[in-house]
Amino acid sequence: MQDTVKNVDFIISPSWIIPVVPSGEILSDYSVAVRGSKIISIHPSKNNKTLFQTDNVIELKDHVLVPGFINSHTHVAMNLLRGFADDLPLMKWLEDHIWPAESKFVSPDFAFDGSLSACYEMLRGGTTCFNDMYFFPEQTGKAAISLGIRAVLGITVIEFPTNYASDPQDYLTKGLATRDELESEELIKFAMAPHSPYTVSDKTFKKISVLANQLQIPIHIHLHESNREIEESVKQHGRRPLHRLNDLGMLSPSFIGVHSVHLNDLEIELLATQGCSVVHCPSSNLKLASGFSPIGKLIRNNVNIAIGTDGAASNNKLDMISEMRLSAILAKAVDGNAETLPAHTALKMATLGGAKSLAIDHLTGSIEVNKLADLTAINLSEAETHPHFDIASLIVYSAGRENVTNVWVNGNRVVNNKQVTGISNESIIQKNLYWKNKIEKSKNE
């Protein structure tokens with residue numbers, strides 16, 4: 001498991017490593033050696049000095065090292081709308097509050113500041129990559145690059161005009177221009193991001209499908225989130241949204257269906273047959289009363305499942321450890337089976353499942369030699385995370401994002417002893433306060 005070259009940039013020596021691959025494995029007293037952006041060795045810690053030469057050995061007693069979390073569905077700029085319109089059903093929340101607020105305030109500055117706030121929050125919670133859908137993606141990309149977090153930026157498309165674009169072709173043109181601008185950035189990748197079946201036409205979907213195939217990038221879409229969405233589709237198109245998308249040739253291993261709450265058995269079988277991925281967003285689904293995704297059935301049908309937080313406006317936090325816990329507990333209750341979603345599976349969904357959905361599982365999502373060093377260290381020394389019977393269970397059921405101490409992305413230490421490098425907590429708070437005051441002032445006018 002070791003590289004023949006002795007020189008490395010640093011070695012991380014935690015008490016435990018959960019590599020995710022092989023499934024269910026927990027390594028005790030092992031270390032990870034990193035050179036450049038990649039993992040070059042996973043070996044017993046007792047061999048550190050005999051195998052490698054480095055002055056930088058990071059000892060993390062009572063810590064577990066896991067792959068960095070992949071937040072597979074976000075609207076990161078919406079961090080500035082956290083708590084803006086709570087305790088409302090999905091369509092009322094969207095149509096009466098969120099969309100009108102966006103029409104007033106969304107701008108390049110809004111997108112950058114909101115994205116910066118979200119990237120800061122996600123890094124502190126151990127997230128090393130996120131998959132985003134929002135306006136002004138070039139600003140989200142710049143914010144991600146500035147803090148060193150990996151991002152998949154959505155080429156967002158919707159039929160109606162916004163502050164960002166005037167029509168579907170304008171959305172596509174601007175999104176593709178952003179891809180041209182940022183595609184050479186090591187931390188940035190792209191996905192087609194049609195908003196939903198109820199906001200995108202057949203004509204536009206066909207264009208998106210062609211572009212996704214040409215560019216070899218995923219399609220990321222809200223799907224079967226509410227009963228109303230399905231009922232309207234049956235009225236307008238004579239079939240449920242997933243079957244409509246299938247008829248349009250949209251389904252493939254590159255297809256990512258976000259939420260996927262209201263699925264029948266035939267639809268689950270269709271997702272499985274086409275090799276599609278589902279992003280489970282349990283907190284958002286519950287908060288908007290959208291329903292319960294049939295995770296147990298999806299697992300039994302071998303559908304790849306990732307986990308996402310959704311945006312802070314509907315969650316209201318970007319906390320992947322909380323989402324893992326909720327995913328596991330809900331799946332057991334919905335399925336009536338305590339064995340439906342064990343801790344190791346929840347961790348895999350939050351890491352490798354996300355990487356697979358985004359077609360980056362050859363790069364990240366597990367701790368393996370020659371993969372990128374996207375790593376999260378979680379402190380299990382506190383009383384709340386004792387005793388240490390089962391390390392995976394402690395992460396999923398007992399730990400919180402406050403237990404994350406160190407994070408590496410692409411071999412760079414972006415969180416050092418709970419501090420995000422290159423930016424202060426106070427500067428993030430000041431940006432948030434600026435926008436809070438601006439939005440509140442407008443509401444009172």
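A short reminder: the numbers here are calculations on the coordinates, not readings from a lab. Because the structure is predicted, anything quoted here is derived from the model rather than measured. Quick reminder, even Gly has a Cβ in these numbers, built from the backbone with ideal geometry, and neighbours come from all protein chains shown.
In the Gaussian network model of the chain, springs joining C-alpha atoms below 10 Å, which of Gly238, Gly125, Gly311 carries the largest mean-square fluctuation? Between Gly238, Gly125, Gly311, it is Gly238 that shows the largest mean-square fluctuation.
When the GluC sites (Glu not before Pro) in segment 101-163 are filtered for DSSP coil states and for at most 16 other beta-carbon atoms within 10 Å of their beta-carbon, the remaining sites are Glu159.
Sorting His63, His43 by the number of Cβ atoms found within 10 Å of their own Cβ, with the fewest placed first, yields His43, His63.
What percent does the relative contact order of the chain come to when contacts are Cα pairs within less than 8 Å and at least six residues apart? Could you put the intermediate results ahead of the total?
On the way: 971 pairs, mean separation 88.6, N = 445.
Reported relative contact order: 20 percent.
Of the residues Ile18, Tyr30, Gly148, the one whose Cα sits farthest towards the positive end of the charge dipole of the chain is Tyr30 (charges of +1 on Lys and Arg Cβ, -1 on Asp and Glu Cβ, taken about the Cα centre). Anyone know which of Glu323, Glu426, Glu229 comes out most mobile in the 10 Å Cα GNM of the chain? For the chain, modelled as a Gaussian network with Cα springs under 10 Å, the answer is Glu426.
Relative to the first principal axis of the alpha-carbon coordinates of the chain, what is the inclination of helix 320-335, with its axis defined by its Cα atoms, in degrees from 0 to 90 and to the nearest 10? Relative to the chain, helix 320-335 is tipped by roughly 70 degrees.
Please report the net charge: other residues with Cβ closer than 11 Å to the Cβ of Phe110, K and R +1, D and E -1. Display every interim value, and only then the final one.
Numbers: positive: Lys104, Lys431, Lys438; negative: Glu102, Asp109, Asp113.
With Lys, Arg at +1 and Asp, Glu at -1, the net is 0.
Once both axes come from the Cα atoms, what is the angle between helix 425-444 and the longest principal axis of the chain, in degrees from 0 to 90, rounded to 10? Helix 425-444 and the main axis of the chain meet at about 20 degrees.
Normalised by the number of residues in segment 207-276, the average gap of Cα pairs under 8 Å and 6 or more apart makes the relative contact order 38 percent. Beta-bridge orientation, segment 69-357: approximately 0 percent antiparallel, per DSSP, counting only bridges with both partners inside. Relative to the longest principal axis of the Cα atoms of the chain, helix 168-182 runs at roughly 20 degrees.
Per DSSP H run of n ≥ 4, the term is -39500 (n - 2.57); total these for the chain, divide by its residue number, and report the mean residue ellipticity at 222 nm rounded to 500 deg cm²/dmol.
On the way: 16 runs with 158 residues, N = 445.
Rounded to the nearest 500, the figure is -10500 deg cm²/dmol.
For the residues Ser293, Ser284, Ser45, a GNM of the chain with alpha-carbon springs under 10 Å puts the largest fluctuation on Ser45. When each of Val34, Val57 is scored by the number of other beta-carbon atoms lying within 10 Å, the sequence from fewest to most is Val57, Val34. Rounded, prolate or oblate, given the Cα gyration tensor of segment 96-237, with a/c below 1.5 counting as rounded? Prolate, since a/c reaches 1.5 and a/b exceeds b/c.
Across segment 1-160, the relative contact order, built from alpha-carbon pairs under 8 Å that are at least six residues apart, equals 20 percent. If one puts a single equal scatterer on every Cα of segment 5-122 and applies the Debye formula without solvent, what log₁₀ I(q)/I(0) results at q = 0.22 Å⁻¹? Debye curve over Cα of segment 5-122, log10 I(q)/I(0) at q = 0.22 Å⁻¹: -1.18.
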